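Take a look at the structure set out below.
All of the numbers you see were taken from the coordinates with simple rules; none came from a lab. For clarity, every value in this text was computed on a predicted model and none was experimentally measured. Quick reminder, even Gly has a Cβ in these numbers, built from the backbone with ideal geometry, and neighbours come from all protein chains shown.
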Amino acid sequence: MLKYEEVSKRYGDVTALDGVTVDFPPGKIHALLGPNGSGKSTMMKMSIGLVKPDSGKVRVDGIDPISDPVKARMVVGYSPEEIVIYESLTPAEYLSFLGYVYHIPREVMEERASRLIRLFKMEEHMGKLGGELSHGNRRKVLIMSALIHDPRVIILDEPFSGLDPEIARVLKEIMRKYADEGRTVIFSTHILELAEAVADEVTIMHRGRVVAKGPMEELKGKKDLESYFLEVTGLTSELENLLKAL
């Protein structure tokens, strides 16, 4: 369970989050949608204490990630949108380091790492330095590092960016498996068709607020997801004006 209660955050004159109250229950895949700057990444970073709210409360599996970020990170698997990895470490060295940080027994660590390496087809790249990896393979390392400690809450910010279709399908199946096991799975994307195909529930944000939330089937029942997204974010008229200028 991930829960936000009246959470606000400002960066100077910019309001990133404006009194957000929302929860993401376990057992489902949640798609977090919204235009650029709507507050999605800020919310995700708060789940492990990377960003501190100006007001309000964040709870992840009952843990306050601000007062106890280490404990929160033991239960959250987080993959950021920005691809930042240790360029002087190989993926094998990085995963080994994470195993130490998370206190994972060696035998368990080896089994988990081996399974993830096979799933993401990284066998030929584990000995390369991070700085030598392609964009897609760096993304795979981030996702693998988010899953290596078997978290109860999985938060993936734009995880499909840079993945080829085969690995994207693998990731979808992993997310489905985790949700079916009763974990909380949250991912953000700008590809509405992807959200429609994968998610059980959708949360739409705009200008730091939650403007719509509900089961995918319920939202799709109103109209197609793209039209509904444009309507609730107030972007329909803006889009029409842009198209008229073509």
If you look at just the Cα atoms of the stretch 1-129, how large are its Rg and its Dmax in Å?
17.2, 50
Whole-Hz ³J(HN,Hα) from phi, Karplus 6.51 cos²θ - 1.76 cosθ + 1.60, for the stretch 81-95, glycine and proline x
5, 6, 8, 10, 10, 6, 6, 8, 10, 7, x, 5, 5, 5, 5
If the limit is 31 Å between Cα atoms, which of LYS57/LYS177; LYS45/LYS121; LYS9/LYS128 go over it?
LYS9/LYS128
Can you tell me the alpha carbon radius of gyration of the stretch 136-181 divided by the globular rule-of-thumb value 2.2 N^0.38 Å?
1.09
Measuring from label point to label point, each 7 Å out along Cα→Cβ, what is the ARG10 to SER114 span in nm?
5.5 nm
Could you tell me how many degrees, from 0 to 90 and to the nearest 10, lie between the Cα long axis of helix 106-119 and the main elongation axis, the longest principal axis, of the Cα atoms of the chain?
60 degrees
Hits in the stretch 28-55: amide N under 17 Å from the 7 Å Cα→Cβ extension of GLU218, namely 28-33
For the stretch 1-50 (alpha-carbon point model, no solvent) the Debye-based log₁₀ I(q)/I(0) at q = 0.23, 0.29 Å⁻¹ works out to -0.95, -1.36
What distance in nm lies between label points placed 7 Å from Cα along the C-beta direction at GLU193 and GLU226?
0.8 nm
Using a basic spin-label model with each label point 7 Å from the Cα along Cα→Cβ, how many nm lie between LYS3 and SER134?
4.4 nm
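Could you work out how much longer the chain between ARG207 and ASN36 gets when fully extended? Use 0.36 nm per residue separation minus the Cα distance between them, nm to one decimal.
The ARG207-ASN36 span can extend by a further 60.6 nm.
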Bridge type composition, the chain - antiparallel percent by DSSP, nearest 5:
50 percent
Dipole magnitude (debye, nearest 20) for the chain, charges at Cβ of Lys, Arg, Asp, Glu:
320 debye
From the backbone phi of the stretch 148-163, what are the Karplus-calculated ³J(HN,Hα) couplings (6.51 cos²θ - 1.76 cosθ + 1.60, θ = phi - 60°) in whole Hz, Gly and Pro given as x?
4, 9, 6, x, 8, 10, 10, 10, 10, 8, 6, x, 8, 5, x, 8
Proxy reagent accessibility, fewest Cβ within 10 Å first, across SER55, SER96, SER67, SER38
SER67, SER55, SER96, SER38
Angle check, please: helix 165-180 long axis (alpha carbons) against the longest principal axis of the chain (alpha carbons), in degrees 0 to 90, nearest 10.
80 degrees
